[in-house]
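The values are calculated or read from the model by the stated rules, or taken from the named source; none is laboratory data. Since the structure is predicted, the reported quantities are computational estimates derived from the model, not experimental observations. Cβ placement follows ideal geometry from the backbone for every residue including glycine, while neighbour counts extend to all protein chains displayed. Just so you know, the surface numbers come from the protein's heavy atoms only, side chains and all, with ligands and any DNA or RNA stripped out. Shrake-Rupley method; radii C 1.70, N 1.55, O 1.52, S 1.80 Å.
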Amino acid sequence: MPDRHTSAARTVPAGRKSPAGPASGLQDSRLSVLLPLPLEGPYDYAAPPGQGLAPGDLVRVPLGSRELTGVVWDPDTAGPGVAAERLKPAGARIDLPGLPEPERRFVDWVASYTLAPPGAVLRMALSVPAAFEPPKPVTAYRLAAAAPEPKGLRLTPARRRVLAAAGEGPARPAAELARAAGVGSSVVKGLAAAGVLEAVVLPPPAAFQAPDWRQPGPALTTAQAAASEELRGQAARGGFAVTLLDGVTGSGKTEVYFEALAAALAAGRQVLVLLPEIALSAQWLERFKRRFEARPAEWHSDLTAVQRRRTWRAVALGEARVVVGARSALFLPYQDLGLIVVDEEHDTSFKQEDGVVYHARDMAVVRARLGDFPVVLVSATPSLETATNVEAGRYGRLRLPERHGSAGLPRVELVDLRRDPPPRLEGAGQSWLSPALRRALAETFEAGEQALLFLNRRGFAPLTLCRTCGHRLQCPNCIAWLVEHRLAGRLECHHCGHRAALPVRCPGCDAEGSLAACGPGVERLAEEVKALFPGQVTALMSSDSISGPAAAEALVRAVQQREIDLLIGTQIVAKGHHFPWLTLVGVVDGDLGLSGGDLRAAERTYQLLHQVAGRAGRAERPGRVLIQTYEPEHPVMQALASSATDARDRFLETEADARRRAAMPPFARLAAVILSDPDQRRVDEACRRLSRTRPRREGIEILGPAPAPLAVLRGRHRRRFLLRTRRDVAPQGVLRDWLAAVDLPRQTRLQIDVDPYSFL
Ligand code: ADP
Ligand code: ZN
């Protein structure tokens with residue numbers, strides 16, 4: 001690994017004199033600048049005189065033939081690595097507040113925990129370079145105050161319409177005015193040139209509106225009030241604390257953490273709320289707006305370039321007071337972050353799997369510790385990690401045991417598919433709905449209520465098989481089956497995105513018309529339902545049918561307005577929606593998540609199905625949940641169906657025991673090392689080299705190498721090592737020493753995943 005004191009000066013070709021730094025030898029003339037590139041550490045530059053650059057400042061610096069923006073990093077105690085007179089001078093300071101100390105320490109911390117280069121972490125914080133410059137002034141047009149007689153200007157109908165439009169409303173940019181008048185922008189420009197319209201420079205668009213924290217919330221129940229008081233106190237005082245807000249779905253957790261948010265805002269601090277699937281959280285945004293009379297700043301992958309730029313700047317300038325976002329919102333340049341809420345803390349989408357591999361919930365706790373403020377983890381089904389931290393007294397816990405108002409928790413019934421299988425249909429058609437679930441659907445529709453069928457499988461069928469030779473349609477780049485998406489009319493690989501047309505003949509034996517869909521996806525389920533209940537309106541909700549926030553919002557509204565009788569969805573329906581008329585939830589394949597040997601399979605299945613079940617009966621009408629399973633005696637199914645109030649905690653205890661006995665997280669630490677290469681022999685050679693130098697000592701164990709379950713992904717052969725250490729041994733140091741001592745083939749890619757959640 002390169003030494004931390006590599007310097008930009010080294011990129012100067014030999015024989016050429018590098019620009020000399022001023023006052024050579026003086027420590028304060030040397031500037032450590034971290035660049036948003038996967039480099040091992042900051043580079044040294046000569047401080048330009050008279051600029052008074054301080055740590056955290058954004059600064060332009062040269063690198064090779066390029067110029068880019070980095071952050072002045074804290075002076076290194078290791079001492080200078082490059083002679084001062086060989087340093088290149090840094091350029092101009094960017095006119096923005098920069099990264100405060102806790103943000104800089106956070107970047108370093110995340111880098112050292114995940115073993116990512118600090119510059120790669122900084123790149124997540126500086127993800128919108130366009131935001132470094134102030135927005136360009138916008139020119140708008142209005143009727144000229146002293147409009148000259150449009151001499152020699154023929155008033156065509158188009159021009160008349162523009163003048164009419166300009167007469168109404170404020171000055172508008174040419175394109176907007178043209179659109180309002182139904183003409184091209186050139187007509188507007190022409191009128192401006194003739195002096196009939198005048199140009200004015202608009203002030204920058206209004207910054208984010210400040211949420212009004214003085215607005216009162218609803219009257220709270222006793223349990224809610226107690227929880228709220230504690231969290232309000234924490235947020236008002238500041239100081240590091242981690243609290244699990246633990247309450248069943250619909251118990252008012254959101255209302256309670258809104259109180260904490262109000263207290264943090266009252267204390268003048270910025271707030272971050274992390275939500276899984278923020279793009280689908282229209283209802284949450286609506287609620288926030290009602291309560292605080294302003295929209296929060298949103299941060300997720302569906303923002304436009306303009307929105308990203310505006311939001312990044314507003315966070316840096318402290319104008320955005322509340323940010324609600326996906327995991328990457330953790331790295332925005334907050335000036336004064338004072339509270340983080342992680343809603344649905346157990347959700348696995350908080351784990352980022354590529355680039356810098358990190359878990360946003362865990363890093364949120366770190367960020368709060370570095371910033372010395374509270375963090376609230378919210379869930380109805382806490383992760384075993386969090387539950388264990390509560391048990392050990394490291395995290396606090398506030399409980400909300402009951403659903404708000406008259407709503408009770410839904411009754412969960414297990415449908416034993418061995419005894420009550422879906423009926424065999426005439427002809428080739430297959431069925432996935434048992435008689436019990438069909439009856440429940442009919443009763444629900446009869447009562448004029450809504451139902452939800454949950455199946456966590458996108459597309460029509462997960463596998464296409466040749467009935468003649470048994471050939472299975474496989475992705476050419478991955479060891480994975482191609483999934484038929486009938487609505488889109490194609491096959492798709494869910495791992496690499498490869499698409500292909502469904503062949504007419506079997507690629508294996510050339511038989512025609514012998515390819516058969518195996519197993520159900522949501523599209524196939526929709527076909528069965530349509531045949532069974534032709535009178536009901538059904539809608540699909542999966543990442544294929546919901547393309548973005550607007551589509552999600554429209555669908556959610558349609559369900560709320562009871563335009564839809566039956567929703568068929570993948571896991572995206574599980575999240576946070578509140579549908580008062582939805583009283584039946586049917587889980588089509590309860591066992592789906594239990595296979596596959598994932599360490600957290602049982603825990604995840606419990607969380608997901610519990611959350612889906614929580615969609616039923618959220619208002620006055622009691623809810624009912626049917627889970628179809630071949631293993632009704634499985635502890636997960638038993639816990640889901642139990643009406644005992646401590647069923648969840650007992651399930652978590654059982655899980656904890658199993659993990660403790662197996663020496664698995666959270667009672668041990670894991671880190672995965674994944675090697676991949678297009679060439680299989682080379683990746684195996686890389687494995688041999690790593691194997692030869694594997695560290696052997698007390699408290700650590702290295703498993704593997706083994707082919708990854710997805711042994712070929714995107715054309716690369718993959719091998720995994722798994723490092724397991726005792727809880728009191730940090731895997732980072734072990735990995736660093738081990739990997740530094742091995743020379744890997746240049747083409748072999750190495751990825752490190754500390755605390756892995758995916759074992760594919
Ligand atoms: P959770 O976040 O635990 O799922 P929510 O905060 O979404 O629960 O509450 C469920 C529903 O009950 C929401 O519609 C919410 O507005 C309502 N609610 C919760 N607490 C109160 C309260 N004290 N007064 C009025 N409505 C409440
Ligand atoms: Zn693929």
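Here are some residues: Val734, Val673, Val683. Which one is open to solvent by less than 60 Å² (accessible area, probe 1.4 Å), in a helix (DSSP H, G or I) and out of contact with any Asp or Glu (no Cβ under 6 Å at 6 or more places or on another chain)?
Val734
So which of Val201, Val187, Val162, Val196 is of a type in the set (A, V, I, L, M), in contact with a Pro (Cβ under 7 Å, 6 or more places away or on another chain) and surrounded by 12 or more Cβ atoms within 10 Å (Cβ to Cβ)?
Result of the check over Val201, Val187, Val162, Val196: Val196.
Is there any pair with a first residue in the range 44-67 that is closer than 19 Å to Asp95 by Cα and in contact (Cβ under 8 Å) with a residue 60 or more places away in the chain and a second that is part of a loop (DSSP other than H, G, I, E, B) and of a type in the set (Gly, Ala, Ser) whose Cβ atoms are under 7 Å apart and which are 6 or more apart or on different chains, and what are they?
From residues that are closer than 19 Å to Asp95 by Cα and in contact (Cβ under 8 Å) with a residue 60 or more places away in the chain, the pairs are Leu58/Gly98.
Yes/no matrix, rows are residues, columns are (1) touching a strand residue (DSSP E or B) at 6+ places or on another chain (Cβ under 6 Å); (2) touching a residue at least 24 places away in the same chain (Cβ under 8 Å):
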site: Leu87; (1), (2): yes, yes
site: Glu103; (1), (2): no, yes
site: Asp108; (1), (2): no, no
site: Arg123; (1), (2): no, yes
site: Phe132; (1), (2): yes, yes
site: Val138; (1), (2): yes, yes
site: Tyr141; (1), (2): yes, yes
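Quick one: which residue in Glu101, Glu67, Glu85, Glu40 is open to solvent by 40 Å² or more (accessible area, probe 1.4 Å), among the charged types (D, E, K, R) and closer than 24 Å to Arg369 by Cβ?
The match here is Glu101.
Can you confirm whether Val273 is β-branched (Val, Ile, Thr), crowded, with 24+ Cβ neighbours inside 10 Å, under 20 Å from the mean Cα position of the chain (by Cα) and more than 16 Å from ligand 1 (Cβ to nearest atom)?
Spelling it out, it is not the case that Val273 is β-branched (Val, Ile, Thr), crowded, with 24+ Cβ neighbours inside 10 Å, under 20 Å from the mean Cα position of the chain (by Cα) and more than 16 Å from ligand 1 (Cβ to nearest atom).
Assess whether Val187 counts as being touching a helix residue (DSSP H, G or I) at 6+ places or on another chain (Cβ under 7 Å) and farther than 9 Å from Arg142 by Cα.
Yes; evaluated as a whole, the condition is true for this residue.
Only one of (1) aliphatic (A, V, I, L, M); (2) within 26 Å of Leu567 (Cβ to Cβ); (3) open to solvent by less than 10 Å² (accessible area, probe 1.4 Å) fails for Leu400. Which number is that?
(2)
Within the set of pairs 6+ apart or on separate chains, which have a first residue in the range 465-481 that is of a type in the set (Ser, Thr, Tyr), a second that is more than 16 Å from ligand 1 (Cβ to nearest atom) and assigned to a loop (DSSP other than H, G, I, E, B), and C-beta atoms under 6 Å apart?
Here the result reads Thr468/Cys509; Thr468/Ala511; Thr468/Ser514, each pair linking the range 465-481 to a residue that is more than 16 Å from ligand 1 (Cβ to nearest atom) and assigned to a loop (DSSP other than H, G, I, E, B).
What residue, among those in the range 546-556 that are of a type outside the set (A, V, I, L, M, F, W, C) and in contact (Cβ under 8 Å) with a residue 40 or more places away in the chain, is nearest to Gly497 (Cα to Cα)?
Filtering first and then ranking leaves Gly548.
Does Leu532 count as within 27 Å of Ala558 (Cβ to Cβ), more than 16 Å from ligand 1 (Cβ to nearest atom), modelled with pLDDT of 90 or more and within 25 Å of the chain's Cα centre (by Cα)?
Criteria not met by Leu532.
Residues in the range 431-447: is at least one away from ligand 2 (no atom under 16 Å from the Cβ), at pLDDT 95 or above and in a strand (DSSP E or B)?
Looking through the range 431-447, none of the residues is away from ligand 2 (no atom under 16 Å from the Cβ), at pLDDT 95 or above and in a strand (DSSP E or B).
Mind checking which pairs have a first residue in the range 207-223 that is under 12 Å from Ala266 (Cβ atoms) and a second that is acidic (Asp, Glu), Cβ under 9 Å, 6 or more apart or different chains?
Ala210/Glu319; Pro211/Glu293; Asp212/Glu293; Gln215/Glu293
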